[in-house]
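Notes follow the structure.
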Amino acid sequence: MTPLAIRHVRITPIAFRDPPLLNAAGIHEPWALRSIIEIETACGRVGINETYGDLPMLEALAKAAPALQGLSPWDLITMEIRVAALVSPGQTGSEFLGEQISLAPGTHVSKNVAKVISAFEVAMLDLQGQLAGAPIVDLLGGAARDAVPFSAYLFFKYAEHIGQPYAADPWGEGLTPEQIVAQARQMIATYGFKSIKLKAGALPPEQEVQALLALAKAFPGAPLRIDPNANWTVATSLKVVEQLRGVLEYYEDPAPGLEGMAEVARQCEVPLATNMVVTDLKEFRRNVEMGCPVKIVLSDHHYWGGMRATQRLATMCQTFGLGLSMHSNSHLGISLMAMTHLAASVPQLSYACDTHFPWQDDEVVQGGRMSFEDGSLRVTHTPGLGVTLDREALARLHDNYLNTSIRQRDDLAQMRKYAPAFTGEQPRF
Ligand code: GKR
Ligand code: MG
């Protein structure tokens, strides 16, 4: 084995505190799952990454790990070919699974190959960066911007989890328009975000509209988005967008399926964005064939097949005149830094990206929580990803994982603890 050959892959599942955030599928459980990837060369160099930590993903990662044995960190293409051969692609499909919507992309087997490739690719790029003495953004072609803007991602929420297993989060209840404005003020004061996204599809639409109108009044001129995760019928989607006339920057996943989105698009001027119906190339092609009802693709390198695949997606979006931004799920600093390097390398990415970062208070990288300046995160210039694992924190978060029985995110089951009759049937409103 040459000194640079990959000798070992370590996958450590972790769990971290997550507030009781409401969404179309139900409510977040008290612990969010991720996994930390470490790829080690024969000479002891380690490249790191963060990805989903749900059981199906851990199984896919374990199945694919032998693909890296003896491989050079530079050999991304061979890694991709080997992973595709080892991991079952599962059935194809999007986040709309029959009657219910799953908002946990970490559990979608249809994306196994893309997710595993992404998980390994970023850690291998981290190794490449260390070897070349270059930040990942330079390996991706260089930075189109020095800092990446993110948006204030607001959620309706309860003050506490049912059977709250640790001290309640500092955000308090977020159910009324006043509470949502207060949440926004607190988040913007801390991070400096300029754009605001409201997660919707949880409360009756009239209440959600009132909250968005209150935000528009409290933050005049701030770009605003609303995302009910397809929990509204076409009729409700059209009624809501009419009530929000002149307020929205884009309208994210109002109605189910590409057909539902197309019906909304025919009768509304606000551009539609998605992280639910254009989630792979097959769906991208269908959107184009249908005349592009979706105008903005919310990409996510964790399930789009990695950083380079997302750059290719950016080129395709440019070809078809589509906008591009970034989706997120509950995550920690390694993912945030990977998103930042990638977003910096994509000139076409013209909206502030989503991040769940403010909702987390745990961290797994040395130096702890990252600091934003005016709502943006600076791209690091040190080799690779620019973050290092905090081994004590990793051990603590792994202990959390061992101590919780959660093995797959299930917002619906969690909501049934509060409301046993909750069916999760979609679209609910
Ligand atoms: O964290 O509840 C959540 C979100 O609803 C997440 O699961 C979505 O995937 O943030 C995502 C989105 O924009 O749809
Ligand atoms: Mg969304």
Just the accessible area per residue of the stretch 141-385, please: how many Å² with a 1.4 Å probe?
-> 36 Å²
Here the relative contact order (percent) of the stretch 141-385, from C-alpha pairs under 8 Å and at least 6 apart, is 23 percent
Would you work out the relative contact order for the chain, in percent, from Cα pairs under 8 angstrom that are 6 or more residues apart?
-> 23 percent
Per the Kirkwood definition applied to all pairs of different Cα atoms, how many angstroms is the hydrodynamic radius of the stretch 360-429?
-> 16.1 Å
Could you list, bin by bin from short to long, the percent of Cα-Cα pairs of the stretch 2-45 in 10 Å steps?
-> 25, 28, 20, 16, 11, 0
Going from most exposed to least, what order do Thr233, Thr315 have by accessible area with a 1.4 Å probe?
-> Thr315, Thr233
Where the accessible area of the stretch 211-328 is counted over protein heavy atoms with a 1.4 Å probe, how much of it, in %, is carbon and sulfur?
-> 55 percent
Can you tell me the Rg and Dmax of the stretch 297-429, counting just the alpha carbons, in angstroms?
-> 17.8, 52
What does the helix-only formula give at 222 nm for the chain: each DSSP H stretch with n ≥ 4 adding -39500 (n - 2.57), the total divided by the residues, and the result rounded to the nearest 500 deg cm²/dmol?
-> -11000 deg cm²/dmol
Radius of gyration and Dmax over the Cα atoms of the stretch 29-72, both given in Å = 12.5, 40
May I ask what percent, to the nearest 5, of DSSP beta bridges between residues of the stretch 141-385 are antiparallel?
-> 20 percent
In square nanometres, what is the average projected area of the Cα convex hull of the chain?
-> 18.7 nm²
Average the reciprocal distances over every distinct pair of alpha-carbons in the stretch 141-385, invert the result, and give the Kirkwood radius in Å.
-> 18.6 Å
In the stretch 338-429, which GluC sites (Glu not before Pro) are in a loop and have at most 11 other Cβ atoms within 10 Å, using DSSP for the loop call?
-> none
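The values are calculated or read from the model by the stated rules, or taken from the named source; none is laboratory data. Here the structure is a predicted model, which means the values were calculated and not measured. All Cβ positions, even for glycine, are placed from backbone atoms using ideal geometry, and neighbour counts span all protein chains on display. Keep in mind that these areas ignore ligands, DNA and RNA; they rest on the heavy atoms of the full protein, side chains included. Shrake-Rupley method; radii C 1.70, N 1.55, O 1.52, S 1.80 Å.
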